[in-house]
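Q: First, the structure itself, so that you have it in front of you.
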Amino acid sequence: MQVSARTDYALRAAAELARAATQGTGPLKGERISEEQGIPKKFMENILLDLKHSGIVRTQRGATGGYWLAQPPAE
């Protein structure tokens, strides 16, 4: 089965957020996810925005803000 690059990147971002949630590191910056996964920063920002609108991730603005999963990874 083939998936688009956008879908692949979205799944990789969600996996990165799940890993962060299990380690208790708090919200992740989009830039960090992009660096860790080798995804272009601007493309990652658009994907995270789509995930936010679909209710998969939540966001917080500010210096300590970032992205995290809307529900615990086990769910």
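The values are calculated or read from the model by the stated rules, or taken from the named source; none is laboratory data. The shown structure was predicted, so the numbers you read here are calculated from the model rather than taken from an experiment. Every residue, glycine as well, gets a Cβ built from its backbone with ideal geometry; the counts of neighbours run over all protein chains shown. Surface accessibility is based on the protein's heavy atoms, side chains included, excluding ligands, DNA and RNA. Shrake-Rupley method; radii C 1.70, N 1.55, O 1.52, S 1.80 Å.
Q: Give me, ordered by chain and number, the residues 5 or more places off ALA70 or on other chains with an amide H under 5 Å from its own placed amide H.
A: For ALA70, the qualifying residues are VAL57, ARG58.
Q: Can you give the relative contact order of the chain as a percent, counting alpha carbon pairs under 8 Å and 6+ residues apart?
A: Reported relative contact order: 34 percent.
Q: A further question on this structure: Just the number please: accessible area per residue for the chain, 1.4 Å probe, all protein chains included, in Å².
A: Ligands and nucleic acids excluded, the result is 67 Å² per residue.
Q: Under a point spin-label approximation (7 Å from Cα along Cα-to-Cβ), what is the ARG61-LEU11 distance to one decimal in nm?
A: For ARG61 paired with LEU11, the spin-label model returns 3.4 nm.
Q: Next question, about the same structure. What is the magnitude of the charge dipole of the chain about its Cα centre, with +1 placed on the Cβ of each Lys and Arg, -1 on the Cβ of each Asp and Glu, and no other charges, expressed in debye to the nearest 20?
A: Dipole of the chain, to the nearest 20 debye: 180 debye.
Q: Consider the candidate values [x] 97; [y] 87; [z] 134; state which one is volume of the Cα convex hull per residue in Å³ computed from the structure displayed.
A: Only one option fits the structure, namely [x].
Q: Another one. Ignoring ligands, DNA and RNA, what percent of the accessible area of the chain is carbon or sulfur (1.4 Å)?
A: 51 percent
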